[in-house]
Every structure is written in C-alpha cells, then in structure tokens.
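Engineer: Just passing along the structure, written as structure tokens.
Just so it is clear, none of the values below were taken in a lab; they were calculated from the coordinates. Only a predicted model underlies this, so the values are computations on that prediction, with no experimental measurement involved. Here the Cβ positions follow ideal geometry from the backbone for every residue, glycine too, while neighbour counts run over all protein chains shown.
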Amino acid sequence: MAAEHTHEHAAEHATMTKGKIWQVFFYLLGITALEFFIALYLIPKGMVSHGIGNFAYIVLTLVKAFYIVAYFMHLKFEKFALKTGIVVSLIFIVYFIILMLTEGSYMYLHMN
Amino acid sequence: MSTTVSPLDRVKTGAWNGGKSPFEVEYGKLMMWFFLLSDAFTFSAFLIYYGAQRFSKVSWPDPDVVFQSIPGVADHGYPLVFVGIMTFILIMSSVTMVLAVEAGHRNAKKEVVTWMIWTIIGGLMFLGCQALEWTHLHHEGYWWGSFPASYTGVDTIGALQFANLFFTITGFHGFHVFTGVLINIIILCMVLFNVFEKRGSYLMVEKVGLYWHFVDLVWVFVFTFFYLV
C-alpha cells in the first residue's frame, strides 16, 4: 500500500516538469501573438472580416483557457470524478450565455 | 471454523463505497476548486451581462480607438500594445507561480521563495499598469457614469454602458489580483518562517497557485471581450 502510494506520487510529479511548464508558456505566448496578428494586421488590411476575427478570438481564448486549467491548474492530472465535476458544472455558463445573448438581440430589435 | 467472509461482510474499498476518497485531493484544495467554480460563475455573470448589453445597443465604442495609448510614452496610435504588455506580465507571473509549486513538490525551500517573490513582483507590476490605464482613461473622461464628450447622439448610450462595465469588471478582476498578491505575500512569509518545512508539505503553495492561475484565466477572457472583440 505504501509503495503503491509513493509510486503514484512520483507519477504525479512527473506530469509537470520545468520543461513542460515552459512549453505551455510558449503555447500561451504564441496564441496571444496570433491574436495580436489578427487584430493589428489581418483585420485592418481587410484580409479577414470582423465576424471571422471574433470567432477566431473566442476559439483561441478557449484554447488558452484549456492550457491554463489543464496544465497550470493541474486539472488534467486529477481524478476523473473531480475533472468531470468541475467541467460539467460549466454548462450553466453556456446556458446563461445563450439565454442572455438572445435577450440582448431581442432588445436590439425592439427597444432601439 | 471457516475463514471465508460472506459477500455482505466484505469491506468495500471502491471510490464510491466509502473505501477511499473519489477525488483524492486534500480537503482544502478541493474547497479551493469549489470556490473557484463559484467565482467563475460570478465573473461569467459580469461578462455575459456585458455581452447582452453590447448585443442590445446600436453602437459600441471601438476598442482599437479607446485603448490606443501607452501611458507615459505615447498618447495615441498604439492600439493594444499596453494591454499586450499587461497580458504578458500576468502570464509570466502565472509561470513563476507554477514553478514555485513545482519547487514545492521537491521541498526546495530556496527555489519556492525565489519564484514566489517573482510572482508577487509580477502581480504588483500588473496592478501598476492597471492603475496607469485607469488614470489615463479617467483623464479622457471615462468613469462610472461618464464618458468623453466626443460621443454624441445615439453613441452615448453604448458609451455609458461600456464605461460602467469596463471599470466594474476590470476593477473586480484587479481586486482579485490585489487579494492574490496579499495571499502570496502571506504564504511567502510562511515559507520563510519554515511553516511548511515543519509540516513536511508545500501543498499550501499549490492552493494559492490555483487561485493565482484562476486570476490569470479570468484576464484571458476579459482581454478577449474588452480589448479584442
């Protein structure tokens, strides 16, 4: 039992080495640089429309959020029950987004 | 006498039978996760309200125009540069925090101290940048309930909502950074006084780390929805 425990612990440590930390940092930096490239070059030059640009920003933001939560906050290496408990709860946020943006669009049509 | 145990008397050891914890994380760390989940709901309520307002208005201030100065260097003409610096500082401080956690796993007190100090410096730099930005926008005429006179007619409705929500949401985030820095300083002192050395585990650094990364996570969303979209 004790041996099993230390083994598990060692495996947990191996998941976030210094190298891995810097790798995630460069991913985050690279994605942010890409967002700036879209905002300061592609959109002003008219190569990409605002709609597609916004879609790209949101997707890139979610990718960044994944890297921060999964690696920096270590959630990827937690037990399945904890991972699911946290991630599935976020469905309330998705629901609220749909609800409120629909409401906003309705107000745009009927109150302006 | 038989030594076989009947199925009913056998001790259950499964994760959901009370044999062991299904989450296998320490109590305080689990509670930090639950707190962060509730905080995520608070921040998303703010940002979703911002989205709903933005959807409902005919016009909205252009972020490339509002945020185009580098306080103390240039008054206009550099959209997104200053906020880019702020974002870099916060991501960097998240990296130093995770390096402190990593050092804590190895019980390397000296390294934990170094990385915690860098994290605190990063947090203070971010707060300084935010203070500069707020001051600059305030001079331009933005504040709770007010906006520059350059907005006229129907544009004033969106500008008012933008100003209110910008200061409320970045203010709430800045308050989180501020408390994060305070908690980091407390933990740094505890490290220096050998509290965790005696306890035999630097798990507390990990719990504060979770909070600090969450603050960084929120900034990623604030940055996208206020400065980019």
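Engineer: Expressed as an acute angle from 0 to 90° and rounded to the nearest 10, what is the orientation of the C-alpha long axis of helix B:203-222 relative to the principal long axis of chain B?
Structural biologist: That helix lies at roughly 30 degrees to the long axis.
Engineer: Just the Kirkwood number for chain A, please: inverse of mean 1/r across all distinct Cα pairs, in Å, one decimal.
Structural biologist: 17.6 Å is the Kirkwood radius here.
Engineer: Starting at the first residue of region B:95-100, write each ³J(HN,Hα) from the Karplus equation 6.51 cos²θ - 1.76 cosθ + 1.60 with θ = phi - 60°, in whole Hz, x for Gly and Pro.
Structural biologist: 5, 5, 5, 5, 5, 5
Engineer: Moving on to the next point. Kindly write out, for region B:71-85 in residue order, the coupling ³J(HN,Hα) from the Karplus curve 6.51 cos²θ - 1.76 cosθ + 1.60 (θ = phi - 60°), rounded to whole Hz, with x marking Gly and Pro.
Structural biologist: x, x, 10, 9, 7, 7, x, 10, x, 6, 5, 5, 5, x, 4
Engineer: In whole Hz, with x marking every Gly and Pro, tabulate ³J(HN,Hα) for region B:154-166 from phi via Karplus 6.51 cos²θ - 1.76 cosθ + 1.60, θ = phi - 60°.
Structural biologist: 5, 5, 5, 5, x, 4, 5, 4, 4, 4, 4, 6, 4
Engineer: For region B:142-229, what D do you get in µm² per second when you plug the Kirkwood radius from alpha-carbon pairs into Stokes-Einstein at 25 °C and 0.890 mPa s?
Structural biologist: 156 µm²/s
Engineer: Would you calculate a helix-derived [θ] at 222 nm for the protein assembly as shown, using -39,500 (n - 2.57) for each DSSP H run of n ≥ 4 and dividing by the full residue count, to the nearest 500?
Structural biologist: The per-residue figure over the protein assembly as shown is -24000 deg cm²/dmol.
Engineer: With a 10 Å Cβ neighbour count serving as the proxy for reagent exposure, in which order, fewest first, do B:ASP62, B:ASP39 appear?
Structural biologist: With the fewest neighbours first, B:ASP62, B:ASP39 line up as B:ASP62, B:ASP39.
Engineer: Please report, in debye to the nearest 20, how large the charge dipole of the protein assembly as shown is about its Cα centre when each Lys and Arg carries +1 at its beta carbon and each Asp and Glu carries -1 there.
Structural biologist: 760 debye
Engineer: Next question, about the same structure. Rg and Dmax of region B:97-139, Cα atoms, in Å?
Structural biologist: Over region B:97-139's Cα set, Rg and Dmax evaluate to 15.0, 49 Å.
Engineer: When B:HIS173, B:HIS213 are ordered from fewest to most other Cβ atoms inside 10 Å of their Cβ, what list results? Numbers along the way, then the final one.
Structural biologist: Values: B:HIS173 21, B:HIS213 24.
Going from least to most buried by this count: B:HIS173, B:HIS213.
Engineer: If you bin the C-alpha pair distances of region B:163-209 every 10 Å from 0, what whole percents do you get?
Structural biologist: Percent of Cα pairs in each bin: 25, 37, 20, 13, 5.
Engineer: Something else now. For region B:168-229, run through the chymotrypsin sites (Phe, Trp or Tyr not before Pro) and keep only the ones in DSSP coil with at most 13 other Cβ atoms within 10 Å of their Cβ.
Structural biologist: The qualifying sites are B:PHE193.
Engineer: Just order A:31-39, B:136-144 by mean Cβ neighbour count inside 10 Å, highest at the front, would you?
Structural biologist: Most protected by this proxy first, the peptides run A:31-39, B:136-144.
Engineer: Still on this structure: Let me test this: with uniform point scatterers at the alpha carbons of region B:83-229, what is the Debye-based log₁₀ I(q)/I(0) at q = 0.12, 0.14, 0.20 1/Å?
Structural biologist: Log10 I(q)/I(0), no solvent term: -0.56, -0.69, -1.11.
Engineer: Would you mind giving the average projected area, over all directions, of the Cα convex hull of region B:1-156 in nm² with one decimal?
Structural biologist: 17.1 nm²
Engineer: Kindly provide the chymotrypsin sites (Phe, Trp or Tyr not before Pro) of region B:1-43 that DSSP labels as loop, not H, G, I, E or B, and whose Cβ sees at most 10 other Cβ atoms within 10 Å.
Structural biologist: Listed in order of number, the matching sites are B:TRP16.
Engineer: While we're on this one: Can you list, largest first and rounded to whole Å, the semi-axes you get for the protein assembly as shown by taking the square root of 5 times each eigenvalue of its Cα gyration tensor?
Structural biologist: Ellipsoid half-lengths, sorted descending, are 42, 25, 17 Å.
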